[in-house]
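Working notes, beginning with the structure itself.
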Amino acid sequence: MSDVLRGYHDVGGRPAGPVERTVHPFLPWQKVSEAMRVALDTKSQLVTLDELRRCFESFGEDLYNTLGFYERRAEALTVLLDEKGLISRADIQDRMLAMAMAQGISVNFATRSIERLE
Amino acid sequence: MTMRGSRFVSHPADEQPVIEGHEGAEYYDLMTAATRELLIERGFLEQAEIDAVVAKLEAPRAEWGALIVARAWLDIAFKTRLLADGVAAAAELGFSIKEAQLVVVENTANLHNLIVCTLCSCYPRSLLGQPPWWYISKTYRARAVREPRQVLKELGLEIPPDVELRVHDSNADMRYLVLPMRPDGTDELDEAALAALVTRDAMIGAALAGRESRQALGGDASGS
């Protein structure tokens, strides 16, 4: 199959390593992120699952490959909210900074990571 | 039954050990908290609406699917209806599957079925809860359609060469449930005892029904 027509999310049949057997808890933020997306869909059709998938299946291979399953979805949700003019990315980042300051942590938007202030 | 009646009751103590983790997840924890505050402040959502969905996410569990399997083993007419229309048959037992069609595929002595979602991680979540972590991993999604026998071997299940192995690729509109074979020596068991033999992995096709396969597959931090 031509990779020209094949999205990076379309991994069926590609070579890959051993199936990983590690397990992880379903974290509260993951549940809330998913719940916000579902609630926005059922309440007002503001963000549908198809739109979310279109978003993380087109926001770039590097991001797709470095983010975990729920991280992709959380990232895509903010991209969609920004695209639709509901909540801008700048507003979300400003709020993240304010919340981080209150918690004594700092945010690195370039590396998408949190650092604890000494 | 309380299990069916408690569809919207959350089980906060039950952290289903199945979702992909990530070292840097604190960033998305913070981003989600910020997004939640802004959505509520601007009137797009109320906290109660978010809480209600979280409860719905937490309620389904593999035991619900196991009850459907056990009923199908005991009631041939139900099994026929289940194989014809999974959503309608599940509704007979009180389970509401709204996200997609449910296609039920039956294992036999000559045919084994395995479920994957190569594109994403489609899974009958409203019936079974969250899938195992390996199910949403890229390695499983990539390899299950190319070398399913080897993948199953890594998961602890060896399919004899003379048994046909059929892999089903899920999508947004179609979810699958494997109807495993009823284990030998279970003629005396009632529905509840039969359901106890059916694991989440057996309904994906990554294990057989029965106590032995449950132990062989492992990887389920719920310890069952």
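Flag: B:A89 matches the condition of being in the same structural domain as B:E158 (by TED's automatic domain parsing), crowded, with 16+ Cβ neighbours inside 10 Å and without any contact (Cβ under 8 Å) to a residue 24 or more places away in the chain. Search segment A:84-95 for residues being in contact (Cβ under 8 Å) with a residue 12 or more places away in the chain and at the interface with chain B (Cβ under 10 Å from one of its Cβ atoms), and hand back the single one that is surrounded by the most Cβ atoms within 10 Å (Cβ to Cβ). Only one residue fits best here, namely A:I92. When A:L40, A:L46, A:L52 are checked against the criterion of being touching a residue at least 24 places away in the same chain (Cβ under 8 Å) and at the interface with another protein chain (Cβ under 7 Å from one of its Cβ atoms), a single residue qualifies: A:L46.
Among the conditions (1) part of a loop (DSSP other than H, G, I, E, B); (2) farther than 21 Å from A:E34 by Cβ, B:F95 misses just one, which is (2).
Being within 14 Å of the chain's Cα centre (by Cα), closer than 22 Å to B:T118 by Cβ, at the interface with chain B (Cβ under 7 Å from one of its Cβ atoms) and modelled with pLDDT under 90 is a description that does not apply to A:G60.
Scanning segment B:152-185 for residues being without any contact (Cβ under 8 Å) to a residue 24 or more places away in the chain and within 14 Å of chain A (Cβ to nearest Cβ) gives a total of 2. Within segment B:179-203, the set of residues being surrounded by fewer than 17 Cβ atoms within 10 Å (Cβ to Cβ) and either part of a helix (DSSP H, G or I) or among the acidic types (D, E) (or both) comprises B:D184, B:D187, B:E188, B:D190, B:E191, B:A192, B:A193.
Looking at segment B:37-55, is at least one residue assigned to a helix (DSSP H, G or I), over 19 Å from A:V38 (Cα atoms) and more than 7 Å from chain A (Cβ to nearest Cβ)? Taking every residue of segment B:37-55 in turn, none turns out to be assigned to a helix (DSSP H, G or I), over 19 Å from A:V38 (Cα atoms) and more than 7 Å from chain A (Cβ to nearest Cβ). Do we have A:G68 as at positive phi and at pLDDT below 95 here? The answer is no for A:G68. Residue count for segment A:96-114, restricted to those that are hydrophobic (A, V, I, L, M, F, W, C) and at the interface with chain B (Cβ under 7 Å from one of its Cβ atoms): 5.
Number of residues in segment A:54-72 that are within 18 Å of B:W134 (Cα to Cα) and either among the charged types (D, E, K, R) or in the same structural domain as A:A110 (by TED's automatic domain parsing) (or both) equals 2.
The values are calculated or read from the model by the stated rules, or taken from the named source; none is laboratory data. Predicted model only: the values in this text are computed from it and were never measured. When we count neighbours, we look across all protein chains shown, and the Cβ atoms used for this are built from the backbone with ideal geometry, even at glycine.
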